[in-house]
1. How high is the relative contact order of segment 2-119, in percent, counting Cα pairs under 8 Å that sit 6 or more residues apart?
2. Would you list 141, 93, 130 from fewest to most Cβ contacts within 10 Å?
3. Can you sort 85, 108 by how many other beta carbons sit within 10 Å, fewest first?
4. What fraction, in whole percent, of alpha-carbon pairs in segment 2-119 exceed 23 Å separation?
5. Report the full-extension gain for the segment residue 90 to residue 121: residue separation times 0.36 nm, less the Cα-Cα distance, to one decimal in nm.
Amino acid sequence: MSLTVFLLCTFIGSLLMLRAGAITAAARPNLGHVMEERFRLLLPLDQASGDIRDQVERLQTSLHCCGLFGYKDWENSIPDSCLCKQDVEECQTVSYTNFLLNLFWQKKSVFTQPCFPIISSRVVRNANITLGVIFGLFVLTLFGMVLSSLLIYQMYNTSIRLNCQWMDQPPAYELLDDTPEKTPSASNPPHNFQL
């Protein structure tokens with residue numbers, strides 16, 4: 001009975017994993033395009049909400065990149081999280097007008113790498129890992145289904161069956177020694193010791 005329940009559970013689990021894997025595999029090729037469309041809706045970054053700006057600035061600081069698609073995403077207010085040292089190979093010097101003083105051009109060294117390709121590659125890598133885990137577990141559940149099916153088949157279709165009969169009552173008590181019990185006789189009265 002327990003093997004049948006196990007077989008049923010592995011069958012249901014394999015169907016769920018197959019469904020999740022198929023959905024993930026179908027969505028994976030369009031993942032980059034969908035992300036790009038969503039990120040382009042956030043531009044220009046200097047006019048985005050405060051939460052979006054804070055999140056992008058944290059990404060820029062941790063990933064050493066500038067803007068989602070380049071430093072021009074910030075238009076004329078490039079934040080300090082985009083700045084890098086001039087002697088670093090990943091930097092470029094850009095000129096832009098100061099928002100407060102439109103008459104002067106300022107130069108800043110910013111990261112050349114935009115953030116979107118880094119984010120996109122990490123998301124695609126995580127999707128690939130997820131697909132591998134899902135299909136790996138699917139193969140394991142298939143293996144479990146095959147083994148439990150074989151065990152069930154052998155249990156019910158074997159020529160040698162175990163004769164296990166369960167009784168409601170335990171077997172009758174049997175004496176281990178057939179010698180009769182000795183009772184004190186009149187010839188051998190028990191000794192009474194008195195002090």
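We did not get these values from a lab; they are worked out from the coordinates using the rules stated. Keep in mind that what you see is a predicted model, and the values were worked out from it rather than measured. Here the Cβ positions follow ideal geometry from the backbone for every residue, glycine too, while neighbour counts run over all protein chains shown.
1. 22
2. Ordered from fewest to most neighbouring Cβ atoms within 10 Å, 141, 93, 130 come out as 93, 130, 141.
3. 85, 108
4. 48
5. Computed gain between residue 90 and residue 121 is 9.3 nm.
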